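Visitor: Dropping the structure in here first, questions after.
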Amino acid sequence: MATSLGANTYNRQNWEDADFPILCQTCLGENPYIRMTKEKYGKECKICARPFTVFRWCPGTRMRFKKTEACQTCSKIKNVCQTCLLDLEYGLPIQVRDTGLSIKDDVPKSDVNKEYYTQNMEREIGNSDGTRPVGLLGKAPSSSDMLLKLARTTPYYKRNRPHICSFWVKGECKRGEECPYRHEKPTDPDDPLADQNIKDRYYGINDPVADKLLKRASTMPRLDTPEDKSITTLYVGGLGDSITDSELRNHFYQFGEIRTTTIVQRQQCAFIQFATRQAAELAAEKSFNKLIINGRRLNVKWALPPLPVDEDAPTNYFNLGPNSAPPVMNISLPPPPGVAMPPPPGFGPPMFHSMDPMGMPPPMGMRPPGHVHYPSQDPQRMGAHASRHGGS
């Protein structure tokens, strides 16, 4: 079915012609000097199915080539990267971001409604300054505690690695080290992360990565406030060697007056003491599990005093009963210089003389209490009286 010249011209006016893509730092790569190829109207957007300008580049050494998958209009509507479709501010899936901000942006999925919705959003994008998101995302609160806890602080370049070589898995790859694909064992095919869909990620439904992150958020530790109201000190761990006292004060002074700041460089931690308990509680609430200074995520906890030791408490280390006698340990000190050491048990002079001329030990009933006879340690059997029995 042929279309009229006017309709074709109108449709071509809505095609995207951009000079540079909208990318996150991870997809762009760690090399600041990269080469990109630009293909005008090269492919259709995988979300709105309109032709757009496709960019293709290699993010680094031993990485796979990447390209833009969605047009810039769909990217600006959701504030996501054109390649990975992750949020540009937090680096999280759209489903996690919308859950943290408590918004539900229902984008139409039918062709007619999608085209009408896209045209309205393009008009809103054209009237904005381009620095803030549009639609419901632009009206949402600026931040969320859950998003700050889950957000990535550094790029994850491992995501740009090549795909696994299917010929190597079957044992048929003959390229060796020259193969551009990875020679690794694939993951479990039943793993939900192995089945990801770009449209599900954009619309925020059935995203296995988002489900994994939301489960992690539900099991995150929480900071309990101590009952002792006199505690106004916070512990800050994981400082490293670059974070200074002034940088800590610049962050914590916004919550209230700071009494003292102590940095223990050897343990790479600090103690922040506030003047009031209210300021300490506010600082702990706003900083726990989401404090990042100089790219380092710091650990914030309450600095609790050590537990007092009760001197009157019984110290029953041996789990003895109430009627059993306490154990007695005889620990003898070494004798002073010049004094001979006493012989060990069994090697000293006998407590009484044996009546047996052959030197046999006395019977069990005539032995002193506590004395045990060991034949292997009998001096007479070890050659002590060899001279009396004919020795030279």
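The values are calculated or read from the model by the stated rules, or taken from the named source; none is laboratory data. Computed from a prediction, not measured in an experiment: that's the story for all the values here. Don't worry about glycine lacking a Cβ; one is built from the backbone with ideal geometry, like all the others, and counts go over all protein chains shown. Heads up: the accessible areas ignore ligands, DNA and RNA and are worked out on the full protein's heavy atoms, side chains in. Shrake-Rupley method; radii C 1.70, N 1.55, O 1.52, S 1.80 Å.
Visitor: Among the residues of region 140-171 satisfying the criterion of being closer than 30 Å to residue 220 by Cα and small (Gly, Ala, Ser), which is farthest from the chain's Cα centre (by Cα)? Show your work before the answer.
Guide: The initial filter retains those residues of region 140-171 that are closer than 30 Å to residue 220 by Cα, namely 140-161.
Adding the requirement that they be small (Gly, Ala, Ser) leaves 140, 142-144, 151.
Numbers: 140: 28, 142: 25, 143: 21, 144: 19, 151: 12 Å.
Filtering region 140-171 for residues that are closer than 30 Å to residue 220 by Cα and small (Gly, Ala, Ser), the one farthest from the chain's Cα centre (by Cα) comes out as 140.
Visitor: Another question, if that's okay. Mind checking whether some residue in region 194-202 is more than 27 Å from residue 65 (Cβ to Cβ) and part of a helix (DSSP H, G or I)? Steps first, answer last, please.
Guide: Residues of region 194-202 that are more than 27 Å from residue 65 (Cβ to Cβ), as a first pass: none.
For region 194-202, residues more than 27 Å from residue 65 (Cβ to Cβ) and part of a helix (DSSP H, G or I): absent.
Visitor: Could you list, in sequence order, all residues of region 60-107 that are of a type in the set (A, V, I, L, M) and either touching a strand residue (DSSP E or B) at 6+ places or on another chain (Cβ under 9 Å) or in a strand (DSSP E or B) (or both)? Even if it seems obvious, please write down each step before you answer.
Guide: Residues of region 60-107 that are of a type in the set (A, V, I, L, M), as a first pass: 63, 70, 77, 80, 85-86, 88, 92, 94, 96, 101, 103, 107.
The answer is 70, 80, 86, 88, 94, 96.
Visitor: Could you grab me the full set of residues in region 78-131 that are buried (at least 20 other Cβ atoms within 10 Å of the Cβ) and among the small types (Gly, Ala, Ser)?
Guide: Answer for region 78-131, where residues must be buried (at least 20 other Cβ atoms within 10 Å of the Cβ) and among the small types (Gly, Ala, Ser): 91, 100.
Visitor: For residues that are charged (D, E, K, R) and at pLDDT below 85, scanning just region 71-111, find the one that is nearest to residue 216 (Cα to Cα). Spell out how you get there, then give the answer.
Guide: From region 71-111, those charged (D, E, K, R) are 76, 78, 87, 89, 97-98, 104-106, 109, 111; that's our starting set.
Going one step further and asking which of them are at pLDDT below 85, we end up with 104-106, 109, 111.
On the way: 104: 21, 105: 23, 106: 25, 109: 30, 111: 36 Å.
Out of the qualifying residues, it is 104.
Visitor: Of (1) over 24 Å from residue 306 (Cβ atoms); (2) part of a helix (DSSP H, G or I); (3) of a type outside the set (Asp, Glu); (4) touching a residue at least 24 places away in the same chain (Cβ under 8 Å), residue 240 satisfies all except one. Which?
Guide: Status for residue 240: all satisfied but (2).
Visitor: Does region 156-189 hold any residues that are assigned to a loop (DSSP other than H, G, I, E, B), open to solvent by less than 80 Å² (accessible area, probe 1.4 Å) and either without any contact (Cβ under 8 Å) to a residue 60 or more places away in the chain or in contact with a Cys (Cβ under 8 Å, 6 or more places away or on another chain) (or both), and which are they?
Guide: Answer for region 156-189, where residues must be assigned to a loop (DSSP other than H, G, I, E, B), open to solvent by less than 80 Å² (accessible area, probe 1.4 Å) and either without any contact (Cβ under 8 Å) to a residue 60 or more places away in the chain or in contact with a Cys (Cβ under 8 Å, 6 or more places away or on another chain) (or both): 165, 171, 173, 179, 183, 184, 186.
Visitor: Give me the pairs, please: first residue somewhere in region 110-132 and farther than 20 Å from residue 17 by Cβ, second residue anywhere and part of a helix (DSSP H, G or I), beta-carbon distance under 6 Å, and either six or more positions apart or on two chains.
Guide: 132/138
Visitor: Any idea which of 69, 39 is buried (at least 16 other Cβ atoms within 10 Å of the Cβ) and either within 27 Å of residue 164 (Cα to Cα) or over 34 Å from the mean Cα position of the chain (by Cα) (or both)?
Guide: Values: 39 fails: buried (at least 16 other Cβ atoms within 10 Å of the Cβ).
When all the criteria are applied, what remains is 69.
Visitor: Next question. State whether the residues of region 246-264 include one that is open to solvent by 80 Å² or more (accessible area, probe 1.4 Å), at pLDDT below 90 and in a loop (DSSP other than H, G, I, E, B). Spell out the reasoning first.
Guide: So the first thing to find is which residues in region 246-264 are open to solvent by 80 Å² or more (accessible area, probe 1.4 Å), and the list is 249-250, 253-254, 257, 259.
Filter once more, keeping what is at pLDDT below 90: none.
Checking region 246-264: not a single residue is open to solvent by 80 Å² or more (accessible area, probe 1.4 Å), at pLDDT below 90 and in a loop (DSSP other than H, G, I, E, B).
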